[in-house]
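First comes the structure, then the notes that go with it.
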């Protein structure tokens, strides 16, 4: 036991002494999470609109009034369709509206007017949400007999606030990344510095060294998570938590060990820190893709959905969401704990064995 | 064709590489740079090769330069072979592909004259039979010869070789020198060669001695030796300070009355320089060890040890015995299987065949290997220790890993620090230490648990002459006071003479095992151990 704590203490001291690493970890857990939360915007914002109005004003101007800041920039008038097309081509305008000469006349007569829309579909999500705004606006003008009013009840995320969700997802991805890389690096550093043999020469059971080294990095990741949740998730984004915070910490602890297991595997294969970086990316990307962090699992191809059962991050994300947003009672969280724990322990044992062969 | 170096200084960012170097070399001369690692040899070589900017000026063939840009027009006439075996080679290319590649990047006209020259180079290097072999599958010596002929392919008039012979087997070393001798005679090339081996000085026309970023002496080998002839005495001679005593020689600044029987070596110049600058290392004392001795005489006994990696046999049936109070030298070229063998003895590799007995007990299970690890000490090449922890923290960590009670550990660390003279450095980080002090503290970390056997893997490579001499004194002290068995590998042949017994290894097998006296008795015509060593490789 003394050996275990000696190694843990040493690794923590070494971590604190390498201030660059401390900075990177702090940055990842704070700024990175904050930027992901506040930076990624799915609603239209500052969308540039251009129009050509040959209808003589009136209805067209009324329509254009609905496009206002902050979602849209003030619409810009163009003299010809050619000029508008060119502006869309040059990425100056995302949405171009063309009001024909007889647009208003037709509208008044038989109410079947046509409004031509040029859409820069490369900014796909912004363009399509803008389009749905436009349809809503146009719908208001047409007196249809079909009148159904939608009354929405937003569940779990009452303000439909995207930031909290993005920030939390990013925190979980960062946890994955750092638990893998930090763990791999503490072993590979020994290879690089030539202290590997010295470490092996200690008359100490290899298991306690491996366990202690990965445990020390799990501690660092846990501290990072607490800082991140405290300052960014709760502090900056004011995310509500409906479930048990303690349950989240336990889940995160298991998950950090899962990452450490992958890190052990990487460390066994990599020769230097450079290779750790390369290998970690190759291993982590599918893990994150399959977790539902970027695409909801139900939207995936069926066999990808099956594969996603293997990604421990999937259980971690779903579990964390349930704790934060749904407020699921602790006992009902067992599928997520079971998922993280079973996939995690399999990965840890594989990594442990792989690096154990080098001892 | 002449090379003149005037007041050249090189800085790597803010760190001094070499200060105020001055020397000249004429057509066809071989100039040797001799000194320890970090003494400034490589910095000067790089400045002359025009790959690093410098202060002062370098004149070659009436063209003056001090930066990479100014040296550009001369590059076609300069050949540089950097330090490290096979560094300029590509593992997957064959020998003939290398020659074609180097001809192409130098944009050489590949006419008949070129072909003749190429064939001649191949013959000199003894590589004409291996033209289709990939460089990665050549031995270290062959790789080094291939690097040399690739560097010679564009017929440089100024050839710069940075430690071309370090770690190369002795036969290839001789062949490398033969190629150089031939080239400088037929092509009139100026050759600048750095080396850590004093013995190679005899083959050089002029020698520059490097110490602490300065050239401390230069001239022919004979002239240099003459300057120190009257300053070297037998170790027993009484002497007033200042003087330095090593196992073989006593160095002083003022000639003594008694007659000297010593023939000085170039190392003497380093000692005299140290005396002049009043920088001697702290002395070493050693108190008795606390643990009681093992009763038997044979500490470790290995019979028929074999190690295989796949189909490759790294060690084949090696026998070795380590007796109490004995220094055993393990000698062999790079790739001879020394490291694999030591790793087996250390318990790092499982043994594939044969039997290893430690303190009369056979090592079989992994538990046995743990016991093995507990009774040996090990100092690796480059004194690998944790660079982000202070000397004191390093030692405490190792003590704790070895399961020493913390009181005992603190007490021993304090004692070693006093006795081995690194007391003032206890709070420094290892990279800040002078190499010689680093070496002592590495040794201290290997001695904390009072092992019965000490393994030292090239502990003296790159360390300057003085630190090396003191290190050997310390080993002798350990052997006498602690009756410890020491197994040491080295590529300084002169150090073999300090060992009690020497084992020679070649291609994974033991080819000789005898006492130093025994070796000399078997080879009465040999003057130095290097000559004996060569006998076994011919």
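For residue A:190, only one of the following conditions fails: (1) within 14 Å of chain B (Cβ to nearest Cβ); (2) modelled with pLDDT of 90 or more; (3) farther than 18 Å from residue A:347 by Cβ. What is its number?
Failing condition for residue A:190: (2).
Do the conditions hold for residue A:54, that is, is it over 30 Å from residue A:225 (Cβ atoms), without any contact (Cβ under 8 Å) to a residue 24 or more places away in the chain and not assigned by TED's automatic domain parsing to the domain that holds residue A:168?
Here the answer is no, as residue A:54 does not meet what is asked.
Yes or no: region B:51-59 includes at least one residue that is touching a residue at least 60 places away in the same chain (Cβ under 8 Å) and closer than 27 Å to residue B:463 by Cβ.
No, region B:51-59 contains no residue that is touching a residue at least 60 places away in the same chain (Cβ under 8 Å) and closer than 27 Å to residue B:463 by Cβ.
Does residue A:2 satisfy being more than 33 Å from the chain's Cα centre (by Cα) and within 30 Å of residue A:176 (Cα to Cα)?
Considered against the rule, which asks whether it is more than 33 Å from the chain's Cα centre (by Cα) and within 30 Å of residue A:176 (Cα to Cα), residue A:2 comes out as yes.
Take the conditions under 22 Å from residue A:219 (Cα atoms), out of contact with any strand residue (DSSP E or B) (no Cβ under 7 Å at 6 or more places or on another chain) and surrounded by 14 or more Cβ atoms within 10 Å (Cβ to Cβ) and apply them to residue A:292. Does it pass?
Here the answer is no, as residue A:292 does not meet what is asked.
Have a look at A:68, A:79 and point out the one that is surrounded by fewer than 14 Cβ atoms within 10 Å (Cβ to Cβ), more than 30 Å from residue A:169 (Cα to Cα) and either assigned by TED's automatic domain parsing to the domain that holds residue A:237 or at pLDDT below 85 (or both).
A:68
Hey, can you tell me all the residues within region B:242-253 that are touching a strand residue (DSSP E or B) at 6+ places or on another chain (Cβ under 9 Å) and more than 16 Å from residue B:436 (Cα to Cα)?
Those that are touching a strand residue (DSSP E or B) at 6+ places or on another chain (Cβ under 9 Å) and more than 16 Å from residue B:436 (Cα to Cα): B:242, B:243, B:245, B:249, B:250, B:251, B:252, B:253.
Each row is one residue, and each column tells you yes or no for (1) within 26 Å of residue A:16 (Cβ to Cβ); (2) in contact with a helix residue (DSSP H, G or I) (Cβ under 8 Å, 6 or more places away or on another chain).
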{"position": "A:208", "(1), (2)": "yes, yes"}
{"position": "A:213", "(1), (2)": "yes, yes"}
{"position": "A:222", "(1), (2)": "yes, yes"}
{"position": "A:234", "(1), (2)": "yes, no"}
{"position": "A:249", "(1), (2)": "yes, yes"}
{"position": "A:254", "(1), (2)": "yes, yes"}
{"position": "A:274", "(1), (2)": "yes, no"}
{"position": "A:285", "(1), (2)": "no, no"}
{"position": "A:297", "(1), (2)": "no, yes"}
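Given the criterion in the same structural domain as residue B:155 (by TED's automatic domain parsing) and at pLDDT below 90, identify the matching residue among B:19, B:103, B:53, B:36.
That would be B:36, the only listed residue that is in the same structural domain as residue B:155 (by TED's automatic domain parsing) and at pLDDT below 90.
The rows are residues; the columns are (1) outside any loop (DSSP other than H, G, I, E, B); (2) within 23 Å of residue B:165 (Cα to Cα).
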site: B:80; (1), (2): yes, yes
site: B:87; (1), (2): no, yes
site: B:97; (1), (2): yes, no
site: B:103; (1), (2): yes, no
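Quick check: is even one residue across region B:32-53 closer than 15 Å to residue B:159 by Cβ and in a strand (DSSP E or B)?
yes
From the list B:194, B:186, B:230, exactly one residue is at pLDDT 85 or above and more than 22 Å from the chain's Cα centre (by Cα). Which is it?
B:186
Given the criteria within 22 Å of residue B:467 (Cβ to Cβ) and part of a helix (DSSP H, G or I), does residue B:226 qualify?
no
When only residues in region B:292-308 that are under 12 Å from residue B:358 (Cα atoms) and not in a strand (DSSP E or B) count, which is modelled with the lowest pLDDT?
Of everything passing the filter in region B:292-308, B:294 is modelled with the lowest pLDDT.
Tell me which residues, restricted to region A:199-258, are outside any helix (DSSP H, G or I) and within 14 Å of another protein chain (Cβ to nearest Cβ).
Matches in region A:199-258: A:202, A:203, A:204, A:205.
Name, by its number, the condition in (1) outside any loop (DSSP other than H, G, I, E, B); (2) modelled with pLDDT of 85 or more; (3) in contact with a strand residue (DSSP E or B) (Cβ under 8 Å, 6 or more places away or on another chain); (4) closer than 27 Å to residue B:142 by Cβ that does not hold for residue B:201.
(2)
Residue under question is residue B:208, and the condition is that it be under 23 Å from residue B:37 (Cβ atoms), assigned to a loop (DSSP other than H, G, I, E, B) and either in contact (Cβ under 8 Å) with a residue 60 or more places away in the chain or in the same structural domain as residue B:194 (by TED's automatic domain parsing) (or both); does it hold?
Against the criterion (under 23 Å from residue B:37 (Cβ atoms), assigned to a loop (DSSP other than H, G, I, E, B) and either in contact (Cβ under 8 Å) with a residue 60 or more places away in the chain or in the same structural domain as residue B:194 (by TED's automatic domain parsing) (or both)), residue B:208 does not qualify.
Could you tell me whether region A:22-40 includes any residue that is in a loop (DSSP other than H, G, I, E, B), away from chain B (no Cβ under 14 Å) and in contact (Cβ under 8 Å) with a residue 40 or more places away in the chain?
Yes - at least one qualifying residue is present in region A:22-40.
For region B:424-445, which residues satisfy the criterion of being assigned to a helix (DSSP H, G or I), more than 21 Å from the chain's Cα centre (by Cα) and in contact (Cβ under 8 Å) with a residue 12 or more places away in the chain?
Those that are assigned to a helix (DSSP H, G or I), more than 21 Å from the chain's Cα centre (by Cα) and in contact (Cβ under 8 Å) with a residue 12 or more places away in the chain: B:425, B:444, B:445.
So which residues in region B:13-30 are under 28 Å from the mean Cα position of the chain (by Cα) and touching a residue at least 40 places away in the same chain (Cβ under 8 Å), if there are any at all?
B:16, B:17, B:18, B:19, B:20, B:21, B:22, B:23, B:25, B:28, B:29, B:30
The values are calculated or read from the model by the stated rules, or taken from the named source; none is laboratory data. Predicted, not measured: the structure shown is a model, and the values here were computed from it. With ideal geometry, Cβ positions are generated from the backbone for all residues, glycine too; neighbour counts draw on all protein chains shown.
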